[in-house]
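*Asks:* A single structure is presented below for examination.
The values are calculated or read from the model by the stated rules, or taken from the named source; none is laboratory data. Everything quoted here is computed from the prediction, not taken from an experiment. Using ideal geometry, Cβ is built from the backbone for each residue, glycine included, and neighbour counts are taken over all protein chains shown. These accessible areas exclude ligands, DNA and RNA; they are computed on the full protein's heavy atoms, side chains included. Shrake-Rupley method; radii C 1.70, N 1.55, O 1.52, S 1.80 Å.
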Amino acid sequence: MATIAFLLNGAPHQCEVSPNTSILTLLREHLALTGTKEGCASGDCGACTVAIGEQNADTHTFTSANACITPAHQLQGRHLVTVEGLAKEGRLHPAQEAMIECHGSQCGFCTPGIVMSLFTLHNDLTQRPAPLTPERLEAALGGNLCRCTGYRPIRDAALRMNDMPYERPQWQDAALSTSENDAEITVPTAKTPFFAQPLSLTALTRLRQEAPQARLVAGGTDLWLESTQRLASLDQLIDVSRVAELLTVAATTFEGQPGWWIGAGVTYTQLEPLFEEHFPAFAHLLHRLGSQQIRNRGTLGGNIANASPIGDTPPVLLALGAQVELASTNGKRCLVLEDFFLDYKKTALAADEVVSRIFIPQPVEDSQLRVWKLSKRREDDISALIGAFSYRIEQGTLQDVRIAFGGMAATPKRAKAAEAALEGSTLTAETFRAAQQALDDDFQPMSDVRGSQHYRQQAAKNLIERLYLSLSVSDHEVMLHAYAH
């Protein structure tokens, strides 16, 4: 059992739970707070959305999270807000009041999760005033599914709530005083449940060496599906979400290249400002990487270590020439990312190693990046295919071409034959047809529920065609464009 101390709707709370307890289970089965609903139990529908607060400098920020796949022990020292805590002294929160006035709730099952997403949006708007653009609204609500209302009344509520009078209650700024120190942890050799939450990379690598059978958890957005969907017992866990070295982003020079070291525990939401400034196409992709709830929790290191062939970020990182740092008690070593992926769900990570950082080189002058994701739904869906293209155009020829795909092989993989066909070539239809044909040498994709082998092969060739058409007509998009592609 693990003891966690946290704030629950402004009041201090402490309880003991097993390592594999989710926030949803904690609320409904341990604390009898049933306003938070279970819908899909996989982080897709948003019915279980809660808000998690942290004290940052002079502000108290709240981010939305799917309670069904968020480990309860990660609430340690945090502030958990549920739908039961929003109304105070008979006064509804503007998110609740606006949902009522705009008739945004019908059956009501999904409503608590929608209200909590609106709560975090309202809190963000009041602390950092900025126009509520359609993109910002869509991002805030993109992870909440509703089968009754058709969304227009919910959208109306979101637009109206900030005009309602509201005095921020003191409980929203409450902070829990906790002292966190790396402690000596006795690691069992048998299958006795245990949980550890190290604060430093040294402590983490020591634990990893002593308990190689334990599962590492950061955001839990993929790992926790083993519990909710496969009913596996995640009873030996090492939580890496508090390891200081894994939470930093630093501009530096590595092996003569300027760039950024990004800690493996940095979330997608935290990466958005960096990507918006230096990698706009990568930032654009993040709009379609899960939902806001997922982006608030999921980490770049987790997406790499998971080694899924359809992970969204690895193909982009391959196209950018990223490197990954692996750490153990024996020290650190770096690999170019393409050498990290060995086979389906297999990596070069040793049993006693952890992914500690990722290095992304700074783009050279005039380099361009294009990223296109194909999926059945635009929002909150897994890729059927994703293509990333990095290149420069110098005197009418393509230079430094790097192309990578996800969904085309057992691992995220570069299309080296297609790269060779384009490198140093002029922007002609014949050149790109040769690159399309070269894909047959690069990949023999499999068929699954997301797409057949023929579909994937043809779709990948079509993305090369899209690149050609985009370069042929400057400043013109060749497909219908939405803000998230």
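*Asks:* Give all pairs with beta carbons closer than 8 Å in which a residue from region 252-265 that is touching a residue at least 60 places away in the same chain (Cβ under 8 Å) meets a residue that is open to solvent by 40 Å² or more (accessible area, probe 1.4 Å) and acidic (Asp, Glu); count only pairs at least 6 apart in sequence or on separate chains.
*Replies:* GLY263/GLU245
*Asks:* While we're here: Could you please give the count of residues in region 274-302 that are over 21 Å from ASP366 (Cα atoms) and in a helix (DSSP H, G or I)?
*Replies:* Our first condition is that a residue be over 21 Å from ASP366 (Cα atoms); within region 274-302, this holds for 286-302.
Narrowing the set further to residues that are in a helix (DSSP H, G or I) leaves 286, 292-297, 300-302.
Number satisfying all stated conditions: 10.
*Asks:* Sticking with this one: Looking only at region 140-170, count how many residues are in a helix (DSSP H, G or I) and open to solvent by 20 Å² or more (accessible area, probe 1.4 Å). Please lay out each step first, then the result.
*Replies:* Step one: of region 140-170, the residues in a helix (DSSP H, G or I) are 140-141, 152-161, 170.
Narrowing the set further to residues that are open to solvent by 20 Å² or more (accessible area, probe 1.4 Å) leaves 141, 152, 155-156, 159-160, 170.
Final tally of qualifying residues: 7.
*Asks:* Going by the conditions given, is ILE262 within 19 Å of the chain's Cα centre (by Cα), in a strand (DSSP E or B) and in the same structural domain as LEU285 (by the TED database)? Give the steps one after another, and end with the answer.
*Replies:* Details: within 19 Å of the chain's Cα centre (by Cα): yes; in a strand (DSSP E or B): yes; in the same structural domain as LEU285 (by the TED database): yes.
Against the criterion (within 19 Å of the chain's Cα centre (by Cα), in a strand (DSSP E or B) and in the same structural domain as LEU285 (by the TED database)), ILE262 qualifies.
*Asks:* Exactly one condition in (1) surrounded by 15 or more Cβ atoms within 10 Å (Cβ to Cβ); (2) farther than 22 Å from LYS461 by Cβ; (3) touching a Pro at 6+ places or on another chain (Cβ under 8 Å) is false for ASP380; which is it?
*Replies:* The one condition ASP380 does not meet is (3).
*Asks:* Take region 271-294 and flag every residue that is in contact with a strand residue (DSSP E or B) (Cβ under 7 Å, 6 or more places away or on another chain) and among the charged types (D, E, K, R).
*Replies:* Hit for region 271-294 is ARG288, nothing else.
*Asks:* Would you check which residues across region 1-60 are within 25 Å of ASP235 (Cβ to Cβ) and of a type in the set (Lys, Arg) and list them?
*Replies:* ARG28
*Asks:* Of the residues ASN306, ASN296, which is surrounded by 22 or more Cβ atoms within 10 Å (Cβ to Cβ), more than 15 Å from ILE262 (Cα to Cα) and not assigned by the TED database to the domain that holds ARG402? So that I can check it myself, show each step before the final result.
*Replies:* On the way: ASN306 fails: surrounded by 22 or more Cβ atoms within 10 Å (Cβ to Cβ).
Step by step, each of ASN306, ASN296 is checked, and only ASN296 is surrounded by 22 or more Cβ atoms within 10 Å (Cβ to Cβ), more than 15 Å from ILE262 (Cα to Cα) and not assigned by the TED database to the domain that holds ARG402.
*Asks:* Within the set of pairs 6+ apart or on separate chains, which have a first residue in region 393-411 that is in contact (Cβ under 8 Å) with a residue 40 or more places away in the chain and closer than 18 Å to ALA429 by Cα, a second that is open to solvent by 10 Å² or more (accessible area, probe 1.4 Å) and part of a loop (DSSP other than H, G, I, E, B), and C-beta atoms under 9 Å apart?
*Replies:* Final answer for the pair search is ILE393/ASP366; ILE393/LEU427.
*Asks:* Considering region 1-27 alone, what residues qualify as being hydrophobic (A, V, I, L, M, F, W, C) and buried (at least 17 other Cβ atoms within 10 Å of the Cβ)?
*Replies:* Here is the first cut: in region 1-27, the residues hydrophobic (A, V, I, L, M, F, W, C) are 1-2, 4-8, 11, 15, 17, 23-24, 26-27.
Hits for region 1-27 are ALA2, ILE4, PHE6, LEU7, LEU8, CYS15, VAL17, ILE23, LEU24, LEU26, LEU27.
*Asks:* What's the number of the condition ALA41 fails, among (1) farther than 21 Å from GLN292 by Cα; (2) assigned to a loop (DSSP other than H, G, I, E, B); (3) open to solvent by less than 40 Å² (accessible area, probe 1.4 Å)?
*Replies:* So the condition that ALA41 fails would be (1).
*Asks:* Which of (1) surrounded by fewer than 18 Cβ atoms within 10 Å (Cβ to Cβ); (2) more than 22 Å from GLN229 (Cβ to Cβ) does HIS30 not meet, given it meets every other one?
*Replies:* Tallying (1) surrounded by fewer than 18 Cβ atoms within 10 Å (Cβ to Cβ); (2) more than 22 Å from GLN229 (Cβ to Cβ), HIS30 fails exactly one: (2).
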